[in-house]
Amino acid sequence: MSRFRIDTKTELEARMPSITLKGLPDELYDALRRRAATNRRSLNGEILHTLERAVARDAGPAVDETLARLDALRTHLAREGVRLDAALVDRARRERRT
């Protein structure tokens, strides 16, 4: 007899809340199912991934996205002959406050 117990649900999964979606349009279900297959995820995994991304997007831009936008701005300003440095940022902040 094995010392290990094998359950179909982990203790963490058993404590996690569940949601039932009502009125899910067939087109949306099919699109989610296709995305899940493309991304090699279960349908549940794809829905969780999609929800997590949507909530994170609402929380504000990711650090990588913000840094990429700053790099693009710095490049644009350099082409215009403006060097983006701390002094310029501080001056802009002060002017905006007045």
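No value in this document is a laboratory result; all are computed from the given coordinates. None of the values given here were measured: they were computed from a predicted structure.
Side notes on the structure shown:
- Extension gain for the segment residue 78 to residue 26, taken as residue separation times 0.36 nm less the Cα-Cα distance, is 13.7 nm to one decimal.
- Integer Hz, Karplus 6.51/-1.76/1.60 couplings in order for the range 27-39, x for Gly and Pro: 4, 5, 4, 4, 5, 5, 5, 5, 4, 4, 5, 4, 8
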